[in-house]
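Notes to accompany the following structure.
We did not get these values from a lab; they are worked out from the coordinates using the rules stated. Keep in mind the model is a prediction, meaning the values are calculated, not measured. Quick reminder, even Gly has a Cβ in these numbers, built from the backbone with ideal geometry, and neighbours come from all protein chains shown.
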Amino acid sequence: MTDLCWTCQNNNSLILHSANLPEEEKCQKLKDQEHHLFRATSQRSHLKDLVADTKKIIGEQKLGPNLPSSKDIRMHYSFDFAQQVHFPSDPQQAGPIYFLTPRKCGLFGVCCEAIPQQI
């Protein structure tokens, strides 16, 4: 399992398998990966700037019951795959096969970026 995006995985695979290709093709594959990484880095820094601006506007406000307010802000939420939980598919099933036929349930974590708190 990797934390790389799909484009990074494909570009890295193409670079890895380019050993016997001409130098021009190798250079082009490297330039494509560098361009992708530059774009991803600039987008990430832009997101960090937006979250920092939102943190300044929010102040010490927390998630939960708050007084109604109308603020001209943008909030950023992120989600990530947390884990995969297996549970039996038929609780009436007897014997050891009960534990061999699980169902899968994917759990996700959602976070409010400006207020670093899970929701």
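Quick notes on this one:
- Restricting region 8-69 to trypsin sites (Lys or Arg not before Pro) that sit in a DSSP loop and have at most 12 other Cβ atoms within 10 Å of their own Cβ leaves Lys62.
- Calculated diffusion of region 1-47, Stokes-Einstein form, Kirkwood radius summed over Cα pairs, 10 °C and 1.306 mPa s, µm²/s: 138
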